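Report on one structure; see the data block that follows.
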Amino acid sequence: MSASSLSFTHTVTERFLRYVVIDTQSEADSPTCPSTEKQKDLGRLLASELQAMGLRDAHLDAHGYVYATIPANTDKQVPVICFCSHMDTSPDCTGKDVKPQIVRNYRGGDIVLPADSTQVIRAAEHPALADQIGNDIVTTDGTTLLGADNKAGLAEIMDAAQFLIRNPQIKHGTIKILFTPDEEIGRGVDKVDLKKLGADFAYTMDGETAGNIEDETFSADGATITIEGVSTHPGFAKGKMEHAIKIAAAIVDRLPKDTCSPETTEGNQGFLHPIGISGALEKATVGFIVRDFTDEGLKEKEALLEGIVKDVMKAYPRSTYRMEVKQQYRNMKQVIDAHPEIVDYAIEAIRRAGLTPVRSSIRGGTDGSRLSFMGLPCPNIFAGEHAFHSRLEWVSVQDMEKAADTIVHLAMIWEERA
């Protein structure tokens, strides 16, 4: 029996509206895990709802992770698959007091957000709206982000879990559920217990356009340039002072203007991006993120950066610099390509959900990037979220429902092919 032949009563929208009003912003400067205690407010709710579904092992751990298991209902030996989403929202835009609204039966055109008329989701700037005619679109009132990244994924996984539990005639292997904190600040799997999770393969539900399956991400490094200048009294500084802040500013100014930056690249092009500059006369630091789809591309950009630094430093002979590069994550494709069935089954599930599958790359990273290299291959499936990290964020009800359908079909396909 196929899931499409059953009466799939979706709870995804009501769940989503319940989750987005809980403030779960993460905080990069916090040393704790989770970085903000308020993320646990949502974690406790999710664990409670999973327990109410009958998943006895559902729980929130001390680090803010939610784990749960849907037991197998087949005699086949099926690989254990996990569905994963993150609970935090981006620090880039406030997520406090979110007031969602639903634009019913969208007829096209711009969407003016009610609490701030300067916030307009313009059809010309959001081409994905053209595919939403007749659908119901959830937005904010214009004063906060929405949190579809990634509470849409949470709601979709919860909706699919409820459906599978209520329809035991749908055969599936053991399914694990994992909800993580702090993904938005790059620490989403820092404290995950993969042994406790016990999954063979996983999928994050954290992609954009309906039908997309993403099996490739950026590889990512962080680079820090530390400048040691020469300090002296400014009244007697001629020929003596070498100002560390000015050296740092000169380095940033020498970066390529027409290439190698986020604002000048697209597709499979990587970039070198300054994210912070701080310090004083004697010492200053500049932080960068380096992104490319290949390790070789990362090395090229890091060599470019160091070449710029060395060239700038020639004008400051008594000053010194130190460059530190730290690995952040790597392109998941290196791992996933060894297990082609993971993506093949997802493509088939998307097709069975009534969508045209599109295989694509992410100009960014997900929890799945790091999970893949930790031994849990993990591509990314669409959740329907758009314009994330902004007050113009939106998601369509129908896309969330299709994502939940995809999860159900995927569980079935793993059992069928076992």
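Matching residues to (1) at pLDDT below 95; (2) at positive phi; (3) open to solvent by 70 Å² or more (accessible area, probe 1.4 Å):
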| residue | (1), (2), (3) |
| --- | --- |
| Glu37 | no, no, yes |
| Gly54 | no, yes, no |
| Leu60 | no, no, no |
| Phe83 | no, no, no |
| Asp88 | no, no, no |
| Lys96 | no, no, yes |
| Asp110 | no, no, yes |
| Leu113 | no, no, no |
Handout entry: Hits in region 361-373 (condition: at pLDDT 95 or above and assigned to a loop (DSSP other than H, G, I, E, B))
Key = none
Exercise for the section: Among the candidates Leu42, Leu50, Leu129, Leu46, single out the residue that is farther than 29 Å from Asn167 by Cα, open to solvent by less than 10 Å² (accessible area, probe 1.4 Å) and part of a helix (DSSP H, G or I). Expected result: Leu129
Problem - Hey, Asp337 crowded, with 18+ Cβ neighbours inside 10 Å and of a type outside the set (A, V, I, L, M, F, W, C) or not - result: no
Exercise for the section: Name every residue in region 301-358 that is in a loop (DSSP other than H, G, I, E, B), more than 28 Å from the chain's Cα centre (by Cα) and not hydrophobic (A, V, I, L, M, F, W, C), in order of residue number. Expected result: Lys314, Tyr316, Pro317, Arg318, Ser319
Practice task
Go through the residues of region 167-175 one by one and say whether even a single one is over 17 Å from Ala210 (Cβ atoms), of a type in the set (Ser, Thr, Tyr) and either part of a loop (DSSP other than H, G, I, E, B) or open to solvent by 50 Å² or more (accessible area, probe 1.4 Å) (or both).
Solution key: yes
Practice task
Run Val290 past the list (1) touching a residue at least 60 places away in the same chain (Cβ under 8 Å); (2) outside any strand (DSSP E or B) and report the number of the one that doesn't hold.
Solution key: (2)
Exercise for the section: Tell me which residues, restricted to region 251-272, are part of a helix (DSSP H, G or I) and not charged (D, E, K, R). Expected result: Ile251, Val252, Pro262, Thr264
Practice task
Please enumerate the residues belonging to region 215-246 that are open to solvent by 20 Å² or more (accessible area, probe 1.4 Å) and closer than 20 Å to Ala303 by Cα.
Solution key: Thr224
Problem - Subset of region 247-261 (residues that are more than 12 Å from Leu304 (Cβ to Cβ) and surrounded by 18 or more Cβ atoms within 10 Å (Cβ to Cβ)) - result: Ile247, Ala248, Ala250
Fill in the blank from the handout: Within region 211-250, residues in a strand (DSSP E or B) and under 30 Å from Gln398 (Cβ atoms) come out as Asn212, Ile213, Glu214, Asp215, Glu216, Thr217
Completion exercise
Of the residues in region 262-274 that are of a type outside the set (Ser, Thr, Tyr) and surrounded by 11 or more Cβ atoms within 10 Å (Cβ to Cβ), the one that is farthest from Thr217 (Cα to Cα) is Pro274
Handout entry: Candidate set: region 176-203, residues that are touching an Asp or Glu at 6+ places or on another chain (Cβ under 8 Å) and of a type in the set (Asp, Glu); chosen: the one surrounded by the most Cβ atoms within 10 Å (Cβ to Cβ)
Key = Asp182
Practice task
Determine the pairs where a residue that is among the hydroxyl-bearing types (Ser, Thr, Tyr), located within region 230-245, has a partner that is loosely packed, with under 14 Cβ neighbours inside 10 Å and outside any strand (DSSP E or B) with Cβ atoms under 8 Å apart, the partner being 6 or more residues away or on another chain.
Solution key: Thr232/Lys240
Problem - Candidates Glu282, Glu263, Glu348, Glu302, filtered to the one that is touching a Pro at 6+ places or on another chain (Cβ under 9 Å), of a type in the set (Asp, Glu) and more than 18 Å from Gly186 (Cα to Cα) - result: Glu348
Problem - Set Phe382, Phe388: member being under 19 Å from Gly147 (Cβ atoms), hydrophobic (A, V, I, L, M, F, W, C), open to solvent by 30 Å² or more (accessible area, probe 1.4 Å) and in contact with a Ser or Thr (Cβ under 9 Å, 6 or more places away or on another chain) - result: Phe388
Completion exercise
Scanning region 16-34 residue by residue, those open to solvent by less than 60 Å² (accessible area, probe 1.4 Å) and of a type in the set (S, T, N, Q) turn out to be Thr24, Gln25, Ser26, Ser30
Problem - Residue pairs meeting the criteria (Cβ under 9 Å; at least 6 apart or on separate chains; first surrounded by fewer than 20 Cβ atoms within 10 Å (Cβ to Cβ), in region 132-148; second among the acidic types (Asp, Glu)) - result: Asn135/Asp399; Asp141/Asp116; Thr143/Asp97; Thr143/Asp116
Problem - Which numbered condition Lys171 misses (of (1) within 22 Å of the chain's Cα centre (by Cα); (2) under 30 Å from Ala68 (Cβ atoms)) - result: (1)
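The values are calculated or read from the model by the stated rules, or taken from the named source; none is laboratory data. The shown structure was predicted, so the numbers you read here are calculated from the model rather than taken from an experiment. Cβ atoms come from the backbone with ideal geometry, glycine included; neighbour counts cover every protein chain shown. Protein only, heavy atoms only, side chains kept; ligands, DNA and RNA dropped before computing areas. Shrake-Rupley method; radii C 1.70, N 1.55, O 1.52, S 1.80 Å.
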